[in-house]
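Down below is the structure, laid out as structure tokens.
The numbers here are math on the coordinates, done by the rules we state, and not lab data. Note that the structure is a prediction, hence the values are computed from the model and not measured. FYI the Cβ positions are ideal-geometry reconstructions off the backbone, even for glycines, and counts take in every protein chain you see.
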Amino acid sequence: MLLEAAGRPLVAAELPVPTLGPGQLLVRVHACGVCRTDLHIVDGELAHPKLPLVLGHQVVGTVEGSGERVGVPWLGWTDGECRYCRTGRENLCDRARFTGYDIDGGYAEYAVADERYCFPIPEGYPDVQAAPLLCAGLIGWRSLSFAGDAERLGLYGFGASAHIVCQIARWQGRRVFAFTRPGDEEGQAFARSLGAEWAGSGAPPEELDAAIVFAPAGELVPAALAALAKGGSVVCAGIHMSDIPSFPYELLWGERVVRSVANLTRRDGEEFLALAPRVPVRTEVEEHPLEAADEALARLRAGAFRGAAVLRI
């Protein structure tokens, strides 16, 4: 399914099987998660994708020739030489290339991936259930690490990432407070079923030690700051967010912190995929066939499903 221009529906296309370059693997795709970043690309909010483009960066498939099952994440290539790469911050590499953005991704039967940026998929996870681990899970895990040892954790936007992070946070012994759209009783019940002790859309019943903002809505940042105890952190987990409105310095004062999370590192992937079976993380998914990719994106935009959407190829 091909994106030819921002703002236009994806089109079904017959492309040649990709050819391999040095250090690359040919992956027969079995499943690919549908991510909000895909929506940002389709809607033109991430402005410089390769076009035409095959979207998709939560790819699960088998390597042609070896049969090894691998996952292909958002970070698809780095130069390994810049100051960021040399200091363990490859997620900030200025020359980084991203799957489903600079590199054709997993909304297709085949994908090519740099072998350095493929992860073995843990046993026990079917392809469709594994796909959300590769972005929703990885970005959620990196975001949670920036929450420090916060006991009272707020999750703003209870979608694909939050439903995974909630399980990990509860396993770690944290208390989770889930924030949904007003009136989203189904989403609130879903959060409570995964261990959140409170779910709602207004002020939480007590102060938070940290908050992770998954929803791409800038107005949630001052709202999360207002809910924080002194010394707390607001972690912005999305690659794109609407503008953050001005807010009084009083909300930030008291050594509160606002920070962003950018991409992921291979170390994040290794740590998280080793942890997921121990929790164990269970992903709730809504399956769609490849040809229904536009429908899946529309349902994601509307917040019409629980957990994550996945294309079965």
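Computed quantities for the displayed model
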{"read-out": "Computed [θ] at 222 nm, helices only, for the chain once each DSSP H run of length n ≥ 4 contributes -39500 (n - 2.57)", "value": "-6500 deg cm²/dmol"}
{"read-out": "Dipole magnitude of region 177-292 about its Cα centre (Cβ charges: Lys, Arg +1; Asp, Glu -1), debye to nearest 20", "value": "400"}
{"read-out": "Extended-chain gain in nm, criterion 0.36 nm per residue less alpha-carbon gap, E81 and A226", "value": "48.1 nm"}
{"read-out": "Cα→Cβ-extended label distance, 7 Å offset, between R89 and T19, nm", "value": "3.9"}
{"read-out": "Centroid-to-centroid separation of region 196-274 and region 16-65 [C-alpha atoms, Å]", "value": "29"}
{"read-out": "Under 5 Å, built H, 5+ apart or other chain: amide partners of W77", "value": "R97"}
{"read-out": "Extension gain, R299 back to E4 (0.36 nm per residue minus Cα-Cα distance, nm)", "value": "104.1 nm"}
{"read-out": "Rough spin-label spacing in nm, given labels placed 7 Å along Cα→Cβ, for A274 and E186", "value": "3.9"}
{"read-out": "5 angstrom amide H check on F177, placed H, neighbours 5+ away", "value": "L153, G154, L155"}
{"read-out": "Isotropic mean projected area of the C-alpha convex hull, region 147-260 (nm²)", "value": "6.4"}
{"read-out": "10 Å-binned pair-distance histogram of region 219-268 (Cα, whole percent)", "value": "24, 49, 22, 5"}
{"read-out": "Among 257-270, 67-80, 159-172, the order from most to least packed when residues are scored by Cβ within 10 Å on average", "value": "159-172, 67-80, 257-270"}
{"read-out": "(i) 6, 28, 36, 23, 7, 1; (ii) 6, 26, 33, 22, 10, 2, 0; (iii) 6, 23, 28, 23, 13, 6, 1, with the label sought being that of the calculated P(r) over Cα pairs in 10 Å bins from 0, in percent", "value": "(i)"}
{"read-out": "Positive-end residue of V279, L251, F179, charge dipole of region 135-293 with Cβ unit charges", "value": "V279"}
{"read-out": "Within the chain: Cβ-based charge dipole about Cα centre, in debye rounded to nearest 20 (Lys, Arg +1; Asp, Glu -1)", "value": "620"}
{"read-out": "12 Å beta-carbon shell around R152, net charge (K/R +1, D/E -1)", "value": "-4"}
{"read-out": "Relative contact order [Cα under 8 Å, 6+ residues apart], the chain, whole percent", "value": "20"}
{"read-out": "Radius 14 Å from Cβ of E206, net charge of other residues (Lys, Arg +1; Asp, Glu -1)", "value": "0"}
{"read-out": "C-alpha long axis of helix 160-171 to longest principal axis of the chain, angle in °", "value": "60"}
{"read-out": "Net +/- balance of residues flanking R116 in space, Cβ distance below 14 Å, scoring K and R +1, D and E -1", "value": "-3"}
{"read-out": "Cα-based helix-to-principal-axis angle, 266-275 vs the chain, degrees rounded to 10", "value": "70"}
{"read-out": "Linear extension gain, D102 paired with V257, 0.36 nm per residue minus alpha-carbon span", "value": "52.6 nm"}
